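Okay, so here's the structure we're looking at.
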Amino acid sequence: MAAGSRVLVIGYYGDGNTGDEAVLTAMMRGLREGRPDLRFTVPAYSADPARLCATHGVDSFPFRDLNRMLDAVDAADLVIVGGGGLLHDYVDPRPETTFTAGHFGLSYYCGIPWLASHLGKPVMLYAVGVGPLLYPAGRELTRDAALAAGAITVRDAESAAILRQLAGGDLDVEITADPVWRLVPAEGERLLVETGLAGR
């Protein structure tokens, strides 16, 4: 990617979940160590993106703002989905919400990379967890996201097996560690303080 390239990161970020915020912290650190010139856009899975901007030094907007989402996909030089256990469907994924302001869960995590790939944007699934996938539509959405990705890393062997079962046994999937393992204890403590969990 050229200097100053923009990366769109899709995940469950900005809703105050400590684990997901830790994943984003680790991701940003790793990516910036390799490429400090990259610019990041991380849609907020909430109505308040300001905290994401302040905490992680990224551009953000509510993930249901479809106009800004489409602009972000169009402007991206790379779309990353992950990390974390995103690809599951404990509830009906409602694929009819894909590409609408009502998208959520799999219709969001899988719809955006599918669109990006059809616009010629490179897509990566980054240290994702996969499953359970209880609905046929959930399996189809996840398969389409896997096929849209030019690179896939997962955090466990079971996730790799599910993706290969859905998208073909020759799907190139790398098993890696959860990005949170990159954090040092002081960073973990900071995240606990920010979420009000320190000392509990």
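The values are calculated or read from the model by the stated rules, or taken from the named source; none is laboratory data. Nothing here was measured: the structure is a model prediction, and the numbers come from that model. All Cβ positions, even for glycine, are placed from backbone atoms using ideal geometry, and neighbour counts span all protein chains on display. Surface accessibility is based on the protein's heavy atoms, side chains included, excluding ligands, DNA and RNA. Shrake-Rupley method; radii C 1.70, N 1.55, O 1.52, S 1.80 Å.
If the condition is being touching a strand residue (DSSP E or B) at 6+ places or on another chain (Cβ under 8 Å), surrounded by fewer than 23 Cβ atoms within 10 Å (Cβ to Cβ) and of a type in the set (A, V, I, L, M, F, W, C), then segment 106-147 contributes M124, L133. Apart from one condition, G30 fits all of (1) open to solvent by less than 20 Å² (accessible area, probe 1.4 Å); (2) of a type outside the set (A, V, I, L, M); (3) part of a helix (DSSP H, G or I); the exception is (1). Counting the residues of segment 1-27 that are modelled with pLDDT of 90 or more, in a loop (DSSP other than H, G, I, E, B) and farther than 25 Å from H103 by Cβ gives 1.
Count of segment 1-21 residues, restricted to those that are touching a Leu at 6+ places or on another chain (Cβ under 7 Å) and closer than 17 Å to F104 by Cβ, is 4. A single entry from D74, D92 fulfils the requirement of being open to solvent by 40 Å² or more (accessible area, probe 1.4 Å), in a helix (DSSP H, G or I), modelled with pLDDT of 95 or more and among the charged types (D, E, K, R): D74. Scanning segment 33-56 for residues that are open to solvent by 30 Å² or more (accessible area, probe 1.4 Å), assigned to a loop (DSSP other than H, G, I, E, B) and either under 15 Å from V23 (Cα atoms) or of a type in the set (D, E) (or both) gives D37, Y45, D48.
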